[in-house]
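Peer 1: First, the structure itself, so that you have it in front of you.
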Amino acid sequence: MSNPQDPNGDLLMRTMAMPADTNANGDIFGGWIMSQMDLGGSLLANEVAKGPVGTVAVSEMNFSRPVKVGDVVCTHGTLIKVGRTSITVQVDVWVKPVLTPESGERYKVAQAQFVYVAIDKQGRPRVINA
């Protein structure tokens with residue numbers, strides 16, 4: 001049985017949230033979190049496609065808790081579907097605070113599904129060879 005504090009999927013990326021990534025409230029900007037998700041998801045999609053991919057859609061994007069400066073941000077991904085030219089990846093973001101009172105507790109802060117398309121050298125969709 002999985003613990004609710006155990007992320008699903010493979011660890012794709014890990015980084016620390018920095019002061020330059022904050023919004024006007026002092027929390028980490030949601031666009032920065034989304035970009036980390038896209039980068040992580042594209043790493044998994046690149047492996048599956050055996051080549052370059054482009055992001056074509058994001059669905060069911062949810063932010064559940066704020067991210068603070070100094071939090072360790074971990075992007076986890078699960079392959080959902082491989083189509084003829086597209087790849088769908090579930091991406092979850094988990095945080096481990098290291099500079100706040102809840103240090104050591106990890107929790108999920110965001111989730112979304114990203115759809116990538118395998119592309120050729122001209123940037124056109126190409127068939128994914130399994």
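Derivation of every value follows stated rules applied to the coordinates shown; laboratory data play no part. Note that this is a predicted model, so its numbers are computed, not measured. Note: ideal-geometry Cβ built from the backbone for every residue, glycine included; neighbour counts use all protein chains shown.
Peer 1: Only residues that are within 25 Å of Arg124 (Cβ to Cβ), free of Cβ contacts under 8 Å to residues at least 60 places away in the same chain and touching a helix residue (DSSP H, G or I) at 6+ places or on another chain (Cβ under 8 Å): list them for the range 34-89, please.
Peer 2: Selection gives Val58, Leu79, Val82, Ile87, Val89.
Peer 1: Are there any strands (runs of 3 or more DSSP E) wholly within the range 42-124 with 3 or more residues that are within 18 Å of Met13 (Cα to Cα) and either among the aliphatic types (A, V, I, L, M) or out of contact with any Phe, Trp or Tyr (no Cβ under 7 Å at 6 or more places or on another chain) (or both), and if so which?
Peer 2: 72-82, 86-96, 107-118
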